[in-house]
């Protein structure tokens, strides 16, 4: 009897323990899976980056050269340390990075935003790292017996030197950017072998040139662990040392790891979700991590800068910056950043102003290590206007406006070019559209990029949106004449709408429509003769500043809805899907001709809110999220583009979206979580409650905002800033009346809101 009692008691304790474990609290960072997107549909993949939020460095293993899908790599070639890579190994001295590389097994990796651990299978070495601001902390666990090496490898031209038994320093230059590194070791270096790639080892303690390396020997008397702290700088060796001492000042790996983890939890925890599935939470917080991970902004002197996806560059005492791909990120990633940390966004804009003061132009795309190259449009306009009109103005507003105006009237409009206005841009200013080549006509303008072409229709559409943003700023600042000029230009999208076929279509300089025009497979790689990376079906709906005006061009809501429905139904054209994707590799994540894999599509499913059928927005948003986002390495619909794909998911999963950056309102979609709470910078919270939400209960039956009925499918920035609660009653069938009246539509330029 006693034995039976203990058996029952033990069983009960095991059950209670399991329940307690299952219900144990998980922090937001625990849901992040950095390898989501590590396999691509066609283009680039994500990497499992470890970094502090908004900090440099971003650390991920150096994998097989030329590997397309990072998750499918078979070898680790090293770990980055400021222009060089370091790699632990055992056995004989090797001078070929390919032979130093090690196999590894994904099942033995731990990947988080704040910490990495993996097993180097070729050497039975456990490699771990975490980060501070401008410093990396490595820990290598060697086998108990045998030789112990750490190789330092430099591909590009530079120098490095073993300064003492625990210190190696040096610098290199990559694409004209200097990198300085300052490496400290927890154990004394017992021997040094110097070498050129695939050469014979020597015994020098200073090496200069390119494709050079050191192999450092450790005798193991200090234990199995060899730790390395790497201080990084773009300024000097002294600054690299200072960065190390300030970022990782003690030999306490676990403490540094926990500090970085806490920083991520604080950031990700600004949005708390309840309900939903494990999969949905994983996708959500990984998406938020990606959106924030790519927003690098801390300079070495503590100021903010706008180099989110590249690196800040200091030279001769003057600040140089790189900039993120605003064509991708202005649509929803920057609005997400503004929602969570407006002060940071203000500082980013002020850095743009400094860049304008230094170079004379307002950059809108990353610096290609020489001059800035713009994709299409000047979408710093949207970033500035969105920040200003959402109430955040702690930057030099007049100088920012001066830069916006100069860009619009004097800068080239050619895709992927920078410099003064060309004849093609002057055609836009004079005639209201960017001219396309006629069918079969050869390019004669030497300034047109040979691959990117003119992208004439997309340039016109993007420029008219930019011009609308400038107009709003002009009005707010009292520049009446400028306001009238740019408002006229904001209507230029109408000049490329061809009523005969219902598409935004190309015109030649003489004002004639280009004949033999194919809206599904337009001319040029990726349709680049007329469009940017997508076809006419996608670009026809790219008028975020004036959906009401676009609806009028179609003759009203009904014909517009027919066109919008058709976007999601019309198939690819050509011989097959692979023929289509061969021409449009960016148009992945397809539903009909809608392409979630590329940013120009992001707004489109929300356009039903403007046309009296918000329930279709609710249906399509759920379908897109379910079809094209997953919690696996093949989990993104296309190129993540510095977190843009993730930012779209974050907003859509919360149930609202910043449809028109530059205008302080949001359109309503359909939330997937029972409750979402956003912690605002002013100390207040904004909460979205979705009663009865589920897979099938995706349709809004009714809504209230702070207890008052909300019959419109949109709300304002002020509604968020004031704090409060948006409550949605969800159901399994559409409420076709909610938000459907003409007066319920969100603001547009043509309805003067």
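The values are calculated or read from the model by the stated rules, or taken from the named source; none is laboratory data. What you see is a predicted model, and the numbers here were worked out from it, not measured in a lab. Here the Cβ is made from the backbone with ideal geometry for all residues, glycine too, and neighbour counts use every protein chain on show.
Per-structure values
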| quantity | calculated |
| --- | --- |
| Any hit, the stretch 690-697, residues being more than 20 Å from the chain's Cα centre (by Cα), within 21 Å of residue 331 (Cα to Cα) and outside any helix (DSSP H, G or I) | no |
| Condition met for residue 662 (surrounded by 16 or more Cβ atoms within 10 Å (Cβ to Cβ), in a loop (DSSP other than H, G, I, E, B), at pLDDT 95 or above and in the same structural domain as residue 337 (by TED's automatic domain parsing)) | yes |
| Helices (runs of 4 or more DSSP H) enclosed by the stretch 390-476 - at least 2 residues per element that are without any contact (Cβ under 8 Å) to a residue 60 or more places away in the chain, under 28 Å from the mean Cα position of the chain (by Cα) and over 21 Å from residue 749 (Cα atoms) | 397-410 |
| Selection from the stretch 219-236 of residues that are crowded, with 16+ Cβ neighbours inside 10 Å and either more than 41 Å from the chain's Cα centre (by Cα) or within 14 Å of residue 94 (Cβ to Cβ) (or both) | 220 |
| Some residue of the stretch 353-373 being in the same structural domain as residue 681 (by TED's automatic domain parsing), part of a helix (DSSP H, G or I), at pLDDT 90 or above and surrounded by 24 or more Cβ atoms within 10 Å (Cβ to Cβ) | no |
| Among (1) within 23 Å of residue 376 (Cα to Cα); (2) modelled with pLDDT of 50 or more; (3) in contact with a helix residue (DSSP H, G or I) (Cβ under 7 Å, 6 or more places away or on another chain) - the single one residue 306 does not satisfy | (2) |
| Given (1) modelled with pLDDT of 95 or more; (2) more than 29 Å from residue 491 (Cα to Cα); (3) under 29 Å from the mean Cα position of the chain (by Cα), index of the condition residue 728 fails | (3) |
| Output for the stretch 262-294, where each listed residue is more than 19 Å from the chain's Cα centre (by Cα) and part of a strand (DSSP E or B) | 272, 273, 274 |
| Every pair of residues 6+ apart whose Cβ atoms lie under 8 Å, when the first sits in the stretch 677-691 and is within 22 Å of residue 730 (Cα to Cα) while the second is modelled with pLDDT under 95 | 686/724; 687/724 |
| From 170, 191, 121, 132, residue being in contact (Cβ under 8 Å) with a residue 60 or more places away in the chain, in contact with a strand residue (DSSP E or B) (Cβ under 8 Å, 6 or more places away or on another chain) and either at positive phi or in the same structural domain as residue 61 (by TED's automatic domain parsing) (or both) | 170 |
| Whichever residue in the stretch 108-121 is touching a helix residue (DSSP H, G or I) at 6+ places or on another chain (Cβ under 9 Å) and assigned to a loop (DSSP other than H, G, I, E, B) and, among such residues, is surrounded by the fewest Cβ atoms within 10 Å (Cβ to Cβ) | 121 |
| Helices (runs of 4 or more DSSP H) lying entirely in the stretch 487-595 (those with 1 or more residues that are under 19 Å from residue 611 (Cα atoms), over 30 Å from the mean Cα position of the chain (by Cα) and without any contact (Cβ under 8 Å) to a residue 40 or more places away in the chain) | 557-567 |
| Members of the stretch 82-107 that are without any contact (Cβ under 8 Å) to a residue 60 or more places away in the chain, within 16 Å of residue 197 (Cα to Cα) and either crowded, with 17+ Cβ neighbours inside 10 Å or in contact with a strand residue (DSSP E or B) (Cβ under 6 Å, 6 or more places away or on another chain) (or both) | 100, 101 |
| Selection status of residue 382, part of a loop (DSSP other than H, G, I, E, B), touching a residue at least 60 places away in the same chain (Cβ under 8 Å), assigned by TED's automatic domain parsing to the domain that holds residue 719 and under 26 Å from the mean Cα position of the chain (by Cα) | no |
| Where residue 229 falls short, out of the listed (1) part of a loop (DSSP other than H, G, I, E, B); (2) in contact with a helix residue (DSSP H, G or I) (Cβ under 7 Å, 6 or more places away or on another chain) | (1) |
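For every residue, the table says whether it meets (1) exposed (fewer than 15 other Cβ atoms within 10 Å of the Cβ); (2) over 22 Å from residue 285 (Cα atoms); (3) at pLDDT 95 or above.
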{"residue": "3", "(1), (2), (3)": "yes, yes, no"}
{"residue": "25", "(1), (2), (3)": "yes, no, no"}
{"residue": "33", "(1), (2), (3)": "no, no, yes"}
{"residue": "38", "(1), (2), (3)": "no, no, yes"}
{"residue": "45", "(1), (2), (3)": "no, no, no"}
{"residue": "61", "(1), (2), (3)": "no, yes, yes"}
